[in-house]
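Structure record follows, encoded as structure tokens.
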Number of protein chains: 2
Amino acid sequence: MSKVRCGITVSLDGYAAGPNQSKEEPLGVGGERLHEWFVELEIFNRTHGTDYGGEVNASTPVVEESLANVGAKIMGRNMFGGGPGPWSADPWPGWWGEDPPFHVPVFVLTHHAREPLTLSDTTFVFVTDGPESALEQARKAAGDKDVTIDGGANVIQQYLAAGLIDELELHVAPILLGGGERLLDNVGSGVELELIRAVNAPKVTHVKYRVVK
Amino acid sequence: MSKVRCGITVSLDGYAAGPNQSKEEPLGVGGERLHEWFVELEIFNRTHGTDYGGEVNASTPVVEESLANVGAKIMGRNMFGGGPGPWSADPWPGWWGEDPPFHVPVFVLTHHAREPLTLSDTTFVFVTDGPESALEQARKAAGDKDVTIDGGANVIQQYLAAGLIDELELHVAPILLGGGERLLDNVGSGVELELIRAVNAPKVTHVKYRVVK
């Protein structure tokens, strides 16, 4: 059956982004370090069109698994490329360039209505009537495949708190950011998880949970 | 060589204790759930004098490893059994009963001078001149064995921030507490860790790190 999945990298102290996020540092100060494990992988370069080679290690099958069977994605406006400020006045194409690495419909949660934007084989659909509507549209687009909730933290929090996520995978980077955007704030204590598996890999531990409702 | 080790259970959102800690609920509201994985183990009952049997599972060797080769322990006054209030006026013997489960010298960080207290084969030594002095005394007492920093969170934070911990093991319970005492606050971003191993077990993931200075 089609699942709603979320996978995101966090620091050991639970931050999905460091402090002082800006257009120059969208992941905040120090936030780039979160993804060192990922950008060093061959599969990262292959899937992001930067054909630099890279490592194959214990993270590779984890990433392959996360990319498989995805039919649609949901992200917040900042992750699409909003950044702070009224980007809707300027039809800014997002952070992701002319060939975004998604290849499936992406539903962007925003307060600013906008026509769908197609870049290569990715179409961004802007949803202004809330997370449940976005999920409904994404499920339809995904058919039998899964829907992923890609971020940022506040979007994931809303879906977790609403009990709408089936699987949560944390890629835990062994660093402390000491400040920034915490992934699991604002969710309350009503969510229970069940470990599916944990994988050791260079610069990261992958911990996958089933969300028990 | 003798190491300084710290092992502690945290929720997935990083809390070592829930909100509203009190004498009745020393781990705060919901905090008892952190240790479900532990109290169900045979090794817990065996080492805490409650001979109820219990489970042997993937957590058992992790706990055995954490108990092995320990020569002295350091804890804060609250973990010893201070609780809120001026317990030094009343020579309260701590939370741990007449036969504490430590069996090695325990150095208690406190602002209140007090004579050492021996209960069965555990001696509590009260240290009023700070964490570095406590560590020096604990190292002497431990000889070739390791010293463990047992908690609470604020004590661990002080030792981590000072770069005095060699190994940190988090027993991550798959629950959200949504509030309480966060383990890795107040440490800053200067600490880097290196994964030693991760272990899946019922109701917990054990993730052990080497602290890189």
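Within region A:192-211, is even one residue in a loop (DSSP other than H, G, I, E, B) and more than 30 Å from B:ILE196 (Cβ to Cβ)? No, region A:192-211 contains no residue that is in a loop (DSSP other than H, G, I, E, B) and more than 30 Å from B:ILE196 (Cβ to Cβ).
Collect the residues in region B:180-199 that are facing another protein chain (nearest Cβ under 9 Å), touching a Gly at 6+ places or on another chain (Cβ under 7 Å) and at positive phi, keeping them in residue-number order. Before you say what the answer is, go through the steps one by one.
The first filter runs over region B:180-199 and keeps only residues facing another protein chain (nearest Cβ under 9 Å), leaving B:182-199.
Of the ones still in play, those that are also touching a Gly at 6+ places or on another chain (Cβ under 7 Å) are B:182-184, B:187-189.
Listed by number, the list holds a single entry, B:GLY188.
Just to be sure I understand, how many residues within region A:161-179 are in contact with a strand residue (DSSP E or B) (Cβ under 8 Å, 6 or more places away or on another chain) and either more than 9 Å from chain B (Cβ to nearest Cβ) or within 13 Å of A:ILE8 (Cα to Cα) (or both)? The total comes to 11. Residues in region A:200-213 that are closer than 24 Å to A:PRO26 by Cα and at the interface with chain B (Cβ under 7 Å from one of its Cβ atoms): A:THR205 only.
Of all residues in region B:154-161, none are buried (at least 21 other Cβ atoms within 10 Å of the Cβ), touching a helix residue (DSSP H, G or I) at 6+ places or on another chain (Cβ under 6 Å), on the phi < 0 side of the Ramachandran plot and without any contact (Cβ under 8 Å) to a residue 60 or more places away in the chain. Among residues of region A:1-58 being among the charged types (D, E, K, R) and in a loop (DSSP other than H, G, I, E, B), the one that is farthest from the other protein chains (Cβ to nearest Cβ) is A:ASP51.
Residues in region B:43-61 that are in contact (Cβ under 8 Å) with a residue 40 or more places away in the chain, among the small types (Gly, Ala, Ser) and farther than 16 Å from B:LYS203 by Cβ: B:GLY49 alone.
Please go through region A:102-116 and give me each residue that is modelled with pLDDT of 90 or more and either touching a strand residue (DSSP E or B) at 6+ places or on another chain (Cβ under 6 Å) or surrounded by 14 or more Cβ atoms within 10 Å (Cβ to Cβ) (or both), ordered by number. Within region A:102-116, A:PHE102, A:HIS103, A:VAL104, A:PRO105, A:VAL106, A:PHE107, A:VAL108, A:LEU109, A:THR110, A:PRO116 meet the criteria.
The rows are residues; the columns are (1) of a type outside the set (Val, Ile, Thr); (2) more than 18 Å from the chain's Cα centre (by Cα); (3) surrounded by 16 or more Cβ atoms within 10 Å (Cβ to Cβ).
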position: B:VAL4; (1), (2), (3): no, no, yes
position: B:GLY18; (1), (2), (3): yes, no, yes
position: B:VAL29; (1), (2), (3): no, yes, yes
position: B:ARG33; (1), (2), (3): yes, no, yes
position: B:PHE44; (1), (2), (3): yes, no, yes
position: B:HIS48; (1), (2), (3): yes, no, yes
position: B:ASP51; (1), (2), (3): yes, yes, no
position: B:SER59; (1), (2), (3): yes, no, yes
position: B:ALA68; (1), (2), (3): yes, no, no
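Residues satisfying the criterion are present in region B:23-32 (criterion: touching a residue at least 40 places away in the same chain (Cβ under 8 Å) and at positive phi).
Taken as a whole, the structure leaves B:ALA141 outside the set of residues that are more than 23 Å from A:GLU169 (Cα to Cα), surrounded by 22 or more Cβ atoms within 10 Å (Cβ to Cβ) and among the small types (Gly, Ala, Ser).
The values are calculated or read from the model by the stated rules, or taken from the named source; none is laboratory data. Remember, predicted model here, so these are calculated numbers, not experimental data. Quick reminder, even Gly has a Cβ in these numbers, built from the backbone with ideal geometry, and neighbours come from all protein chains shown.
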